[in-house]
Every structure is written in structure tokens, then in C-alpha cells.
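The values are calculated or read from the model by the stated rules, or taken from the named source; none is laboratory data. Model, not experiment: these values are computed from the prediction. Every residue, glycine among them, receives a Cβ derived from its backbone with ideal geometry; neighbour counts consider all protein chains shown. With ligands, DNA and RNA removed, areas are computed over all heavy atoms of the protein, side chains included. Shrake-Rupley method; radii C 1.70, N 1.55, O 1.52, S 1.80 Å.
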Amino acid sequence: MANILVTGGCGYIGSHTVVELLGDPSCQVTILDNLSNSKRSVLDRIERITSRRPGFVQADIRDGAALSRALGEIRPDAVIHFAGLKAVGESCQKPLEYYDNNVCGSLRLLEAMREHGVKNIVFSSSATVYGTPANPRIPETEPVKRGNSPYAQTKVDIEWMLEDWHRADSSVSVCILRYFNPVGAHQSGLMGEDPLGIPNNLMPYIAQVSVGRLPHLNIWGNDYPTPDGTCIRDYIHVVDLARGHMAALSHCLNRPGLYAYNLGAGRGISVQQIVDAYNAILEKPISYVYGPRRPGDIAEYYADATKAAEELGWRTEHGVEDIVRDTYRWQKANPEGYPGD
Ligand code: NAD
Ligand code: UFG
């Protein structure tokens, strides 16, 4: 297919995407990652799954000189840009670090791409750019709003930076992907989500309770105006998400333009439904208690995923049962996550 640079490719979504890329024998892949939220041993796991080892450059996207060197040597056809900080709560405590890492880092990356004539980019955005939507089912025509956290605002800023670059140079091809809730793990049990410290997100929290690393789950709120009272999200299996990147990359390379797509399954699932589905596959169900609402949570939203289906020919293939089974398989085989530092 092509020669691809993957920033943040050692992370959760990036590593699953690298596996899909390497599954195409005509694809060359190099990861650029500073390992601030991932481990080098991910590379061994990628190699075990694909029998191919991606190139690896340990560098920070804020380091313009290192980026320029890497792009000059690799001469990629396209960049898939995952590198960034992603914790919504932490971004409220450390906004400047988030703007520096995500916005300044992305700016350095685009400058290096321009310097080396690299004109194709697929970018990891987030459904958070929609803020509080008018309706729970969100199409791409929903306006992008001022972010309701510094994290969300960094995604908005980067989207706008990419749009402006494309407007100034129409040969620059940009594919913005707005993820809903990525969950699950690779079917091999060799790769999955490995958060630092106590997880903030639902799925890794449940997974750690299921292997005894955490005592119980708190369900944040059961008094929402939803059928069972718990919040509804669009959980998307990470392998489906990775395949969405393959489709987006090929679109970006073959039909240069400016695109934005929702990547979600297009259906809402409640927290209670996720917990029940997870417990259904366990011999000893996880225990949970209902707690207060978590500040900032929206009762219900999910993707209108029609545009990605129509234009990219992509749709999700994994259901909730696959998500909970693959998550548990990964966590059980790797209770402490990836080996090494
Ligand atoms: P992750 O933390 O697992 O992966 C990000 C990777 O980027 C890590 O390997 C980290 O070491 C690296 N990185 C961070 N800052 C860097 C820098 N300055 N220079 C070089 N490398 C750097 O996160 P993820 O869940 O795989 O998310 C990937 C992307 O998708 C992020 O941009 C995130 O904001 C976005 N996203 C994630 C979710 C989600 O729920 N996981 C949802 C929407 C969007
Ligand atoms: N939840 C619990 N208990 C927990 C953790 C979460 O009940 O211990 C609930 C939350 O209250 C929420 C639901 O599970 O109702 C999902 O919460 P997550 O933290 O897993 O995910 P969010 O929907 O808050 O946000 C996630 C990512 C963002 C991303 C967004 C895109 O964290 O980075 O999806 O929709 F932008």
C-alpha cells in the first residue's frame, strides 16, 4: 500500500492499527513514540502477531529537529497521528501541558511534514469535539464547539489547524477521525489497553476488577433519563477502529481532500449493559456499587456512522460479546499489563 509513519503507535489504538497495517505486505510502517504512556515491549507483541517488526523511533513530537530527521529518513507517504495526551480530567488540572503536548506537538509535526513534502495525514480526533450535542445520535454535521475540557479543546484546535493547512494547500489530504468510545483488545490476547495508574475509563476499570487488581466498580450515576438509569455510549471494538484507519488511509491517499468521519458502531449501550455482558462471561461476577453522577458526563450519545459506511465502505464487525470477551482475555493473560518499563 504505502510507507506510513505512525506517531503514538506504541499506544492502545496505535498498536492495534500498526498490526492491521503490517497485515498488508505492501505496507512499510515506522512508529514514532516518546513512550510517555506506553512500553517498548508492545513492539515484541506486534511482531508476535504479525511476524513483522515495525521500524521504531523514540522521539517526542514536540522535538522539531528529531521529527525533521525522522521524516527525512523515512520519507513516508502518509502519517497517522495518534500521539497525544488523552485524559479529560487530568487536562483540567494541567491544561498547559495538554496544549503543549497535543497542539504544539501537532504543529511541529505538520511543519516537518510540510518541510519534507508529506501531504497525507489521518488524525485521531474525538467525539468530545461535539460538546453537548443537540441530539444523542451525532452526525458529522453537528457543529464542533469550544471544548468542554482542555483535552477536547486541543482536538478542536488541531482539527482547525489541519483544515486551515488544507485550505492553504489543497494538495494536502486530511482525514479527521472522531472516535466514540474505543474498547476491547486484540483477539490474540497479546495486546490491549494498559493504562498507567488507576483507570478513569469504564472498560479498563472493569477489566482490572475482574482480575482482582481493584476491589469493585463504581457506576457513576443510575438516575439518568435512560432506560436503566445509567449513561449510554457508543463502545467500539479497537480492532474495528484500527480497520477504520485502514479505510481512511486509503481514502486519504487515493482521493485527496479534507474529510471528517465519526468512527463508532452507531448504537448506544448503557454502563449497566456493559457490566452485565462482562459478568455473563465470568465465573465470579465483578461487584459494583452505584455512586453519584460523575461531573461532566452526558446522559447519552452515540455516532451516526452512516458517512463512514457510505464513503469509506467501513462498518463495525464486533459486538458487545466480542468486546467483553477480548478485554477479559487480554487482562487475564496480562494482569499487570505489558512487561517492562
Ligand atoms: P495512548 O496513550 O495509549 O497512546 C498515545 C501514544 O502517544 C502513547 O504511546 C504515548 O507514549 C504517545 N505520546 C504521547 N505524547 C507524545 C509525544 N509528545 N511525542 C511522542 N509520542 C507521544 O492513547 P490511545 O487511547 O491509543 O489514543 C490515541 C489517540 O486517540 C490520542 O490522540 C487520543 O486523544 C485519541 N482518542 C482516544 C480515545 C480513547 O478513549 N482511547 C478516544 C478519542 C480519541
Ligand atoms: N464510568 C463508570 N465508572 C467508572 C468509569 C466510567 O460508571 O469507573 C461510566 C462513566 O460515568 C460514563 C461511562 O462509564 O458514563 C463511560 O465513561 P468513560 O470514562 O469510559 O468514557 P467517556 O465517555 O467519559 O469518554 C471517553 C474517553 C474520551 C473520549 C470520549 C469520546 O475517555 O477521551 O470517550 O466519546 F473523548
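Brief remarks follow.
- Angle of helix 320-333 to the longest C-alpha principal axis of the chain, folded into 0 to 90 degrees and rounded to 10: 80°.
- Computed over the alpha-carbon atoms, region 76-123 gives an Rg to Rh ratio of 1.07, Rh here being the Kirkwood radius from the mean inverse distance.
- Region 89-194: trypsin sites (Lys or Arg not before Pro) in DSSP coil with no more than 13 other Cβ atoms inside 10 Å: Arg146
- The chain: Cys lacking any partner C-beta under 4.7 angstrom: Cys10, Cys27, Cys92, Cys104, Cys231
- Summarising the label geometry, the points placed 7 Å from Cα in the beta-carbon direction at Thr132 and Ser51 lie 5.4 nm from one another.
- Surface listing: Glu73, Glu142 arranged by accessible area from highest to lowest gives Glu73, Glu142, probe 1.4 Å.
- Solvent accessible area, Å² - Asp326, 1.4 Å probe, full protein context: 0 Å²
- Estimated translational diffusion coefficient (Stokes-Einstein, Kirkwood radius over Cα pairs, 10 °C, 1.306 mPa s) of the chain: 78 µm² per second.
- Charge dipole (Cα centre; +1 on Lys/Arg Cβ, -1 on Asp/Glu Cβ; no other charges) of the chain amounts to roughly 240 debye.
- Rounded tilt (10° steps) of 150-168 against the dominant C-alpha axis of the chain: 30 degrees
- Additional length obtainable on full extension of the chain from Ser188 to Asn201, 0.36 nm per residue less Cα span: 2.4 nm
- Placing a label point 7 Å from the Cα of Leu282 along the Cα-to-Cβ direction, the residues of region 312-331 whose backbone N falls under 20 Å of that point are 320-331.
- Taking every lysine pair in the chain that is 8 or more places apart or spans two chains, those with Cα atoms closer than 30 Å amount to 20.
- Size of charge dipole - region 22-163 - debye, nearest 20, with Cβ of Lys, Arg +1 and Asp, Glu -1, no other charges: 300 debye
- Mean residue ellipticity (222 nm) of the chain, computed from DSSP H runs ≥ 4 via -39,500 (n - 2.57), nearest 500: -10500 deg cm²/dmol
- Solvent-accessible area, 1.4 Å probe, carbon plus sulfur percent, for the chain: 49 percent
- Extension gain from Ala65 to Arg294, taking 0.36 nm per residue of separation minus the Cα-Cα distance: 78.3 nm
- With the largest listed first and rounded to whole Å, the semi-axes of the equivalent ellipsoid of region 216-320 from the Cα gyration tensor are 33, 16, 10.
- Solvent accessible area, Å² - Thr226, 1.4 Å probe, full protein context: 20 Å²
- Angle of helix 12-22 to the longest C-alpha principal axis of the chain, folded into 0 to 90 degrees and rounded to 10: 50°.
- Where Asp234, Asp24, Asp63 fall by accessible area, highest first, once all protein chains stay in place (1.4 Å): Asp63, Asp24, Asp234
- In nm, spacing of pseudo-spin labels at Glu90 and Arg114 (7 Å Cα→C-beta vector): 3.0 nm
- The heavy atoms of Met203 present about 10 square angstrom of accessible area, all protein chains included, probe 1.4 Å.
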